[in-house]
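Asker: Got a structure for you, written out below as structure tokens; questions coming shortly.
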Amino acid sequence: GENVEQHPSTLSVQEGDSAVIKCTYSDSASNYFPWYKQELGKRPQLIIDIRSNVGEKKDQRIAVTLNKTAKHFSLHITETQPEDSAVYFCAAYGGTYKYIFGTGTRLKVLA
Amino acid sequence: GAVVSQHPSWVICKSGTSVKIECRSLDFQATTMFWYRQFPKQSLMLMATSNEGSKATYEQGVEKDKFLINHASLTLSTLTVTSAHPEDSSFYICSARAGGTDLNSPLHFGNGTRLTVT
């Protein structure tokens, strides 16, 4: 079945700097890759997603890149702000028709 | 749009009792819902896929007699933790896709239920 690995597990950046979180997946049939942000005690919220026919997608300060050949995708947050501090999860969906989540990255933006 | 409501948001129960958690899609129909369990500072672990009108599909290692899932309508799935024990204490979150026939549509999550078994 699908296996999703996510790195790093924790990430601290200075306010205004960029943050990059990387995920790899194992099932080449996976074709949809969402990213979720979860604040403490709250539900995960979708922040951006990408489909397999696209290499890059951007939404204001957030971008996601996908390399299907290498089976990895990354989340890029530019000009980070304290409110970006949260846990971020990547996920892969498609081959097994289930969403498989990465292990999460705890992002801390230092003011 | 695409709101998933989960109830209760927290519950405390005594060991040996059962607890039912409801998950509703408020403005869309969901033939499939997913139940996740999340331990503190850990990822979302898929427990089972709830299928409307048929049996749920459980992930390896999840006891189907322990975690009863019923998906009786297109907007409601329930998870019942039977004979709860302290080790069942966790954060349980349901989710559903609002994309209809579009399999590549995002999951929308409920608010989660924090279960504490004493």
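Asker: Among the residues of region A:5-42, write down those that are within 9 Å of chain B (Cβ to nearest Cβ) and assigned to a strand (DSSP E or B).
Answerer: Passing the criteria: A:Q6, A:Y32, A:P34, A:Y36, A:Q38.
Asker: Filter region B:67-102 down to residues that are charged (D, E, K, R) and loosely packed, with under 15 Cβ neighbours inside 10 Å, then give me how many there are.
Answerer: The total comes to 2.
Asker: Taking A:S52 and the conditions (1) at pLDDT 95 or above; (2) crowded, with 16+ Cβ neighbours inside 10 Å, which numbered condition does it fall short on, given that it satisfies the others?
Answerer: Single failed check for A:S52: (1).
Asker: Restricting to region A:78-111, and then to whatever is in a loop (DSSP other than H, G, I, E, B) and touching a Pro at 6+ places or on another chain (Cβ under 9 Å), can you tell me which residue is nearest to A:S28 (Cα to Cα)?
Answerer: A:Y99
Asker: Continuing with this model, one more query. May I ask you to list the residues in region A:10-28 that are surrounded by 14 or more Cβ atoms within 10 Å (Cβ to Cβ) and not aromatic (F, W, Y)?
Answerer: Taking region A:10-28 as the starting set, the residues that turn out to be surrounded by 14 or more Cβ atoms within 10 Å (Cβ to Cβ) are A:11, A:13, A:19-27.
Scanning region A:10-28 gives A:L11, A:V13, A:A19, A:V20, A:I21, A:K22, A:C23, A:T24, A:S26, A:D27.
Asker: Since B:I69 meets every condition but one in (1) of a type outside the set (S, T, Y); (2) in contact (Cβ under 8 Å) with a residue 40 or more places away in the chain; (3) in contact with a Phe, Trp or Tyr (Cβ under 9 Å, 6 or more places away or on another chain), which condition does it not meet?
Answerer: Condition (2) is where B:I69 drops out.
Asker: Turning to a different aspect of this structure: Considering region A:18-45 alone, what residues qualify as being under 26 Å from A:G1 (Cα atoms) and of a type in the set (D, E, K, R)?
Answerer: Answer for region A:18-45, where residues must be under 26 Å from A:G1 (Cα atoms) and of a type in the set (D, E, K, R): A:K22, A:D27, A:K37, A:R43.
The values are calculated or read from the model by the stated rules, or taken from the named source; none is laboratory data. Note that the structure is predicted; figures quoted are calculated from it, not measured. Every residue, glycine as well, gets a Cβ built from its backbone with ideal geometry; the counts of neighbours run over all protein chains shown.
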